[in-house]
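So the structure is just underneath, and the comments pick up after that.
The values are calculated or read from the model by the stated rules, or taken from the named source; none is laboratory data. Since the structure is predicted, the reported quantities are computational estimates derived from the model, not experimental observations. Here the Cβ positions follow ideal geometry from the backbone for every residue, glycine too, while neighbour counts run over all protein chains shown.
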Amino acid sequence: MSSVVGRSGLTGRPTRRRIPADKMRRLASVLRGSLVGPQAAEYSDLRRVWNGMIDRYPALIVRCVNDDDVAAALAFGVDLGLPIAVRGGGHSVAGHGTCDSGLVIDLSPMDRVAVDVARQSAEVGGGVRWGSLDAATATHGLATTGGLISTTGIAGLTLGGGIGWLMRQHGLACDNLVEADLVTAAGGRVRASDEATADLMWGLRGGGGNFGIVTRFVFRLHPVTTVLGGMVIHRMDDAARLISEWATLVDDAPDALTSMAALISAPPAPFIPRRLRGQPVLAFVLCWSGDLADGERELAPLRRLGRPAVDLVGPMPYPMLQGMLDGGAPGGLRNYWKSGQLRGLSRDSIERIVEHAGRRRSAMSQIHIHQLGGAVGRIAQEATAYPHRDATHTLNIVATWRDPADDVANIRWARGLHAAVEPALRGAYVNFLGDEGQDSVAAAYGEQPYRRLASLKRRYDPDNILRINQNIAPGG
Ligand SMILES: Cc1cc2nc3c(=O)[nH]c(=O)nc-3n(C[C@H](O)[C@H](O)[C@H](O)COP(=O)(O)OP(=O)(O)OC[C@H]3O[C@@H](n4cnc5c(N)ncnc54)[C@H](O)[C@@H]3O)c2cc1C
């Protein structure tokens with residue numbers, strides 16, 4: 001079979017090499033899933049990931065339906081010395097769910113969710129996305145902390161940490177991971193749990209996909225039905241003061257409240273006043289997951305801040321809140337993100353953020369300030385590989401645009417804001433990192449956690465076979 005192996009230096013177009021036909025036949029004969037090569041009709045869709053900036057041509061995509069498929073695909077890739085990318089939901093902004101000239105192990109067909117109501121837990125396939133998990137658990141009045149956009153994969157998000165609307169009450173997504181089945185880089189099978197493999201569980205809670213391919217996750221669930229949530233939207237006039245007051249108000253809020261300040265363009269939706277649609281605005285996005293009457297009382301001061309242009313907060317089923325922001329994050333657009341963790345939100349940082357928001361080069365770009373704390377901060381720093389327990393906020397600078405001709409301006413904008421606030425940043429959340437290399441991964445974790453991660457990597461993947469990720473170098 002002829003497969004793409006790289007790019008021509010002259011044209012930038014992919015070049016090809018042959019994968020031995022007998023090896024392909026042998027792989028095909030053991031797979032229950034399917035092989036997708038460059039000649040297949042689905043190839044042009046399947047080679048792509050969420051971020052439209054990523055334009056890679058894998059040699060082969062293996063669509064796995066079970067653990068045996070994953071192990072066979074991995075052995076095939078190792079045997080041929082191919083670069084190996086592992087894909088859950090394909091939302092890595094760095095494009096780690098695909099590769100040039102290598103093998104993509106695509107878990108998206110592994111999309112089974114089984115809820116155990118008695119145990120308040122869910123068994124979840126490695127290719128499930130948050131929308132499916134939320135829908136399945138909501139049927140039983142249960143939920144676990146998941147990402148803010150329903151199309152994101154549970155796998156990458158959980159393994160890197162996992163911030164979401166329930167985190168201040170129930171911890172990060174990774175804090176609710178109680179068991180995982182892995183195919184290790186050496187092809188072994190491991191069932192990870194706190195009892196059996198405490199070190200590995202430590203690494204799976206924040207260390208990313210460095211230690212194996214997770215085929216099955218088990219999450220702890222919590223009773224969650226209706227939440228009080230939505231957005232309060234303000235014109236930009238007084239944005240810096242309002243963000244500062246929001247930060248003060250939510251600083252000692254009950255755990256049931258998780259919130260975010262977002263500098264965005266108002267969506268062109270019927271519930272937005274006509275004159276505001278498409279205009280730059282400040283939105284406070286709120287989720288109260290406790291008693292609704294308490295929530296009305298607790299959220300009142302936040303909803304009274306300044307003079308809101310529109311207040312869209314109300315009771316809604318939790319999965320509705322989980323899909324509420326989907327329209328602002330469609331796949332296929334060009335994206336470049338910069339992020340960092342903050343310990344405290346100074347007036348100076350807020351002013352710099354607001355000033356840069358006024359200089360966005362694309363109306364689709366957004367700036368998010370996520371409120372942390374609560375249950376996230378009460379877990380001991382050393383208890384998991386996620387290294388930011390003491391951070392108060394995550395800043396995510398999301399540059400999004402359509403036209404490749406605008407790449408330079410948008411990337412410069414994101415970098416400019418990042419540089420302006422850099423003195424206040426303390427490490428970064430790996431799930432929001434772009435493809436910035438191993439040094440930036442090491443800096444994101446900090447020295448101690450990185451050293452421990454490297455030692456775990458040496459144990460589970462000493463040859464760094466799983467390296468198309470926010471990579472932990474086995475050498476430390
Ligand atoms: C629109 C959007 C919204 C987001 N919202 C949030 C949010 O609310 N909260 C948050 O914390 N993060 C969020 N993120 C960041 C998100 O957590 C990361 O992009 C995450 O990596 C996505 O996981 P995925 O499975 O979709 O991605 P993929 O691109 O499939 O994988 C990402 C990484 O995980 C590895 N991986 C994937 N599946 C497996 C597996 N089964 N076993 C081992 N390794 C695996 C991959 O190799 C890759 O390195 C968001 C990202 C996007 C694009």
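The table for this structure:
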read-out: Leading residue by the ranking (farthest from the chain's Cα centre (by Cα)) among those in segment 266-278 that are crowded, with 16+ Cβ neighbours inside 10 Å and in a loop (DSSP other than H, G, I, E, B); value: Ile272
read-out: Hits in segment 152-196 (condition: near the ligand (Cβ under 9 Å from one of its atoms), assigned to a loop (DSSP other than H, G, I, E, B) and either of a type in the set (Phe, Trp, Tyr) or closer than 19 Å to Val376 by Cα (or both)); value: Gly161, Gly162, Ile163, Gly164, Trp165, Leu172, Ala173
read-out: Which listed residue is more than 24 Å from Gly328 (Cα to Cα) and either under 21 Å from the mean Cα position of the chain (by Cα) or in a strand (DSSP E or B) (or both), from Thr137, Thr98; value: Thr137
read-out: Qualifying residues in segment 414-432 (those that are within 24 Å of Pro330 (Cβ to Cβ) and surrounded by 22 or more Cβ atoms within 10 Å (Cβ to Cβ)) - the one farthest from the ligand (Cβ to nearest atom); value: Leu417
read-out: Segment 434-443: number of residues that are within 13 Å of the ligand (Cβ to nearest atom) and either small (Gly, Ala, Ser) or buried (at least 23 other Cβ atoms within 10 Å of the Cβ) (or both); value: 1
read-out: Selected residue (only one of Asp348, Asp390 is touching a helix residue (DSSP H, G or I) at 6+ places or on another chain (Cβ under 7 Å), modelled with pLDDT of 95 or more and loosely packed, with under 15 Cβ neighbours inside 10 Å); value: Asp390
read-out: Arg451 touching a strand residue (DSSP E or B) at 6+ places or on another chain (Cβ under 7 Å) and away from the ligand (no atom under 16 Å from the Cβ); value: no
read-out: Subset of segment 370-406 [among the β-branched types (Val, Ile, Thr) and out of contact with any strand residue (DSSP E or B) (no Cβ under 7 Å at 6 or more places or on another chain)]; value: Val376, Ile379, Thr384
read-out: Yes/no for Gly373 being in a loop (DSSP other than H, G, I, E, B), over 16 Å from Leu425 (Cβ atoms) and away from the ligand (no atom under 16 Å from the Cβ); value: no
read-out: Filtered residues of segment 131-151 (kept if hydroxyl-bearing (Ser, Thr, Tyr), touching a residue at least 60 places away in the same chain (Cβ under 8 Å) and within 14 Å of the ligand (Cβ to nearest atom)); value: Thr144, Ser150, Thr151
read-out: Candidate set: segment 209-224, residues that are assigned to a loop (DSSP other than H, G, I, E, B) and aliphatic (A, V, I, L, M); chosen: the one nearest to the ligand (Cβ to nearest atom); value: Val224
read-out: So Val104, is it crowded, with 24+ Cβ neighbours inside 10 Å and either more than 14 Å from the ligand (Cβ to nearest atom) or under 17 Å from Val36 (Cα atoms) (or both); value: yes
read-out: Segment 132-149: number of residues that are surrounded by fewer than 23 Cβ atoms within 10 Å (Cβ to Cβ) and more than 16 Å from Pro109 (Cβ to Cβ); value: 6
read-out: Selected residue [at pLDDT 95 or above and closer than 17 Å to Pro270 by Cβ] from Gly327, Gly314; value: Gly314
read-out: Residue within segment 197-208 that is within 16 Å of the ligand (Cβ to nearest atom), free of Cβ contacts under 8 Å to residues at least 12 places away in the same chain, more than 29 Å from Pro254 (Cα to Cα) and outside any helix (DSSP H, G or I) present; value: yes
read-out: When residues of segment 242-261 are limited to those that are small (Gly, Ala, Ser) and crowded, with 23+ Cβ neighbours inside 10 Å, the one farthest from Gly295 (Cα to Cα); value: Ala261
read-out: Residue match in segment 227-241 (condition: touching a strand residue (DSSP E or B) at 6+ places or on another chain (Cβ under 9 Å), crowded, with 24+ Cβ neighbours inside 10 Å and in a loop (DSSP other than H, G, I, E, B)); value: no
read-out: Residue tally, condition of a type in the set (A, V, I, L, M, F, W, C) and buried (at least 22 other Cβ atoms within 10 Å of the Cβ), over segment 375-387; value: 2
read-out: Hits in segment 283-324 - residues which are in a strand (DSSP E or B), of a type in the set (A, V, I, L, M, F, W, C) and within 23 Å of the chain's Cα centre (by Cα); value: Ala283, Phe284, Val285, Leu286, Cys287, Trp288
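Okay, residues lined up against (1) surrounded by fewer than 20 Cβ atoms within 10 Å (Cβ to Cβ); (2) among the small types (Gly, Ala, Ser); (3) more than 14 Å from the ligand (Cβ to nearest atom):
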| position | (1), (2), (3) |
| --- | --- |
| Gly95 | no, yes, no |
| Met110 | no, no, no |
| Ser121 | no, yes, yes |
| Arg129 | no, no, no |
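Yes/no matrix, rows are residues, columns are (1) at positive phi; (2) in a loop (DSSP other than H, G, I, E, B); (3) among the basic types (Lys, Arg); (4) out of contact with any Gly (no Cβ under 8 Å at 6 or more places or on another chain):
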position: Asp22; (1), (2), (3), (4): no, no, no, yes
position: Arg32; (1), (2), (3), (4): no, yes, yes, yes
position: Ala41; (1), (2), (3), (4): no, yes, no, yes
position: Trp50; (1), (2), (3), (4): no, yes, no, no
position: Val65; (1), (2), (3), (4): no, yes, no, no
position: Asp68; (1), (2), (3), (4): no, no, no, yes
position: His91; (1), (2), (3), (4): no, yes, no, no
position: Ile105; (1), (2), (3), (4): no, no, no, no
